[in-house]
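The values are calculated or read from the model by the stated rules, or taken from the named source; none is laboratory data. Please read all numbers here as calculations on a predicted model, not as lab measurements. Methodologically, a virtual Cβ is constructed for each residue, glycine included, from the backbone with ideal geometry; neighbour enumeration extends over all protein chains shown. Ligands, DNA and RNA are excluded from the accessible area calculation, which covers all protein heavy atoms including side chains. Shrake-Rupley method; radii C 1.70, N 1.55, O 1.52, S 1.80 Å.
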Amino acid sequence: IGVALGGDASTSSSGFWAALNNATTRMLPMLFYIEDNGYGISVPTEAQTPGGDIAKNLASFKNLFILDGDGSDPRQTATYLAQAIQHIREGHGPALVRLKVPRLSGHSGQDTQTYKSDIQIASERSRDPLPRLQEFVISEHLMTKEDWAAAVVKARKDVADALGKARL
């Protein structure tokens, strides 16, 4: 299957619409995976997408399976992606999965998110998917607390090593 991953602002582009029209018209095995963090750089989704919800806007599209959920919920995320992939692989045409996720930092180093209130930032931080993922994998016995801690150490080391190489 083909996969197009984008943020909510990517659905405002002509490329998204061209791909969507082709995939739905030709029943192509295509997954559109949209991580909606509510902003395209510093522009709120509502200023880019009528009603601020691309999934609702596409509900009338023929031949498009749509799942709309919480990207901070690991179980729902995995379930929705599995359902979409199964739908596509069974030959039923394209699917769109829109997952709402918090925006935990600005778009770039210069983006201090001053366009957000302190309450909004705190609310987004409370939806951080990483603690939820940790809780999920440990409660489901997919990892132990020690496995998780080791993975965190390894990830930090890998990032530091890659940063060091990039700065050479």
Query - Residues that are touching a residue at least 12 places away in the same chain (Cβ under 8 Å) and not aromatic (F, W, Y), drawn from the range 57-69 - result: L58, K62, N63, L64, I66, L67, D68, G69
Query raised in the report: If you go through the range 80-99 one residue at a time, how many are within 17 Å of A19 (Cα to Cα) and of a type in the set (V, I, T)?
Result: 2
Query raised in the report: Which of the residues spanning the range 1-47 are over 19 Å from L99 (Cβ atoms) and in contact with a helix residue (DSSP H, G or I) (Cβ under 6 Å, 6 or more places away or on another chain)?
Result: P29
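Please list, ordered by residue number, the strands (runs of 3 or more DSSP E) wholly in the range 1-70 having 2 or more residues that are touching a strand residue (DSSP E or B) at 6+ places or on another chain (Cβ under 7 Å) and open to solvent by 70 Å² or more (accessible area, probe 1.4 Å). Outline the logic, then answer.
Values: elements: 2-7, 30-36, 65-70.
Counting at least 2 such residues, we get 2-7.
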Report task. Tell me which residues, restricted to the range 111-140, are within 17 Å of the chain's Cα centre (by Cα) and of a type in the set (D, E). Result -> E124, D128
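Sort out which residues of the range 111-135 are in contact with a Phe, Trp or Tyr (Cβ under 8 Å, 6 or more places away or on another chain) and modelled with pLDDT under 95, and write them in order of number.
Quick first cut of the range 111-135, residues in contact with a Phe, Trp or Tyr (Cβ under 8 Å, 6 or more places away or on another chain) only: 134.
Matches in the range 111-135: none.
In this structure, does Q120 turn out to be of a type outside the set (A, V, I, L, M, F, W, C) and surrounded by fewer than 17 Cβ atoms within 10 Å (Cβ to Cβ)? Show your work before the answer.
Numbers: of a type outside the set (A, V, I, L, M, F, W, C): yes; surrounded by fewer than 17 Cβ atoms within 10 Å (Cβ to Cβ): yes.
Criteria met by Q120.
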Query raised in the report: Any residue at all in the range 126-134 that is exposed (fewer than 11 other Cβ atoms within 10 Å of the Cβ) and among the polar types (S, T, N, Q)?
Result: yes
**Report entry** Any pair with Cβ under 8 angstrom, 6 or more apart, that starts in the range 116-144 at a residue that is in contact (Cβ under 8 Å) with a residue 12 or more places away in the chain and ends at one that is open to solvent by less than 70 Å² (accessible area, probe 1.4 Å) and of a type in the set (A, V, I, L, M, F, W, C)
**Finding:** E124/L104; R125/L104; R127/V101; D128/L104; P129/V101; Q134/W148; V137/M143; V137/W148
Report task. Return the residue satisfying two criteria in turn: it lies in the range 76-110 and is modelled with pLDDT of 95 or more, of a type in the set (K, R) and within 14 Å of the chain's Cα centre (by Cα), and of such residues it is surrounded by the most Cβ atoms within 10 Å (Cβ to Cβ). Result -> R98
